[in-house]
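Written below as structure tokens is the structure these notes are about.
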Amino acid sequence: MLRPSQSQILHRFSSTALPRNQASFGFSGAGFLGCYHVGVAACLHRHGILPNHNDSSVSSPAFVTGVSAGSMIAAAALAGVNPEPDGMEVVLEAARRTRELARESKTREEKGLFSFNIPLDVLTPGFSLIDQVEGPFREAMVKALGGTFSYDSNSGNAAIICDDSNNNSNDNPYDIDPELFKRRFPGGTLRIGLTDRRALWPPPIPSPIATERILDAYRYVDTYRDLDDIVAACMLSSYIPGVTGPFHLRDKVPDLLHGFFGVTNSNENSGNSVATEQPINDTVDRAGTRLRVMESLGLVKHGKTGLPTVKRKPEENSTPARHAESSNSTDFWDGGIADVFPTFDDQTVIIAPVNGVFSPNPAICPSYSSLEAEFTTSSTLEGDVSQVSATHPFGKLSPALFQTLLRSYIPTTFKHSNKARLGLNSKNVQAAIRMMFSSEDKELYEMFREGYDDAR
């Protein structure tokens, strides 16, 4: 693991995009291992590196960026969300709801009830993780910003008010002090990464050119009108169709299959007591609508140029029918698809729950152990070394020499991107699984503590 020193963190930036003597951090995609990010944030808060709004002596804001779950941690860090317990509670609640879904599905099977909800954890058809996490995340943000909210009688979460049409009658639905919001989120300090799906169509065939196309699809937002802009950007930065959120198949599949694909219509619940029992997975629709407005205002920027993206007019796209179809789906997906390790420049400290070698950026990540090290330190190998050495045609080989020979044949890392070579080891395999599927609270708290310790 390459740990940043204090001097690296407070390095004078040569980039004109960032002021001098400002720390910058990039929270990677993490899934359920967002708890690792929360642990890192807790340590950085405690040592005054990230803003601590309870300590008036720490006034200089850090620059933070994030994608997927990392975008929520980045936003929470600047908002002043207490990493523990408030920040951890968002992660824990998402995992609990996912586990509860599996238990409910098992109960239905035991009762012999027909249901599409197969227990596949977060991949259960009809389940939308971002719809489950949006309420707790919004509640934590409103609380940190000193706002107030009403509770939804069905979900128990903070009531969701993020339709732009509502803002005409109530510009501040959560009663958040506008000046406080500006102080917590100065322009450019919070960068939420997105992937523009329009830049990925037609799907690229794997090749160096395709890799460049994916990188060109990176977009970000770093200026926000209100809290709902931040929440919407974070939700879409975490949206992978069919994985963390529903497919956009409304009006494209029979009504019978809507539950299987997580497709819901707003009119399905009106006057139908049975339908109200089904979740309304509308986070993507609401967030997509808001991001389209933000893009039209020039708030969505190109990842390479930093210039506002210009959305094509309907008549330039194609036929009116094609435009109508496009308007019913979101234009932005998980930011980690284009860049899972977002940075401002080569001095940004990358925070990731996987181990490896990050260059040229410093990084906070789990300790690095190669697959070779795991293999050569096993007791089984030691016995094999003696056997091989005794029968080797060139004489007896020492364990050190044998390991040197192995190093030539066993790769220890693989190139993930220009920023990272990730370790080939069992710990990263476990991390990948735990990112994707929910874990028990005890395991998530272990990752929280690991993140805290790695940041020290």
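Just one of the listed residues (147, 135) is in a loop (DSSP other than H, G, I, E, B), modelled with pLDDT of 90 or more, out of contact with any Cys (no Cβ under 8 Å at 6 or more places or on another chain) and closer than 24 Å to residue 178 by Cβ, namely 147. Of all residues in the stretch 173-209, those being surrounded by 11 or more Cβ atoms within 10 Å (Cβ to Cβ), closer than 21 Å to residue 342 by Cα and among the aliphatic types (A, V, I, L, M) number 5.
Within the set of pairs 6 or more residues apart or between chains, which connect a residue that is in the same structural domain as residue 181 (by TED's automatic domain parsing) inside the stretch 125-151 to a residue that is in a loop (DSSP other than H, G, I, E, B) and among the charged types (D, E, K, R) with Cβ atoms less than 6 Å apart? Final answer for the pair search is 147/175; 148/175.
The values are calculated or read from the model by the stated rules, or taken from the named source; none is laboratory data. Fair warning: this is a prediction, and the values are worked out from it, not measured in the lab. Note that we place each Cβ from the backbone using ideal geometry, even for glycine, and neighbour counts take in every protein chain shown.
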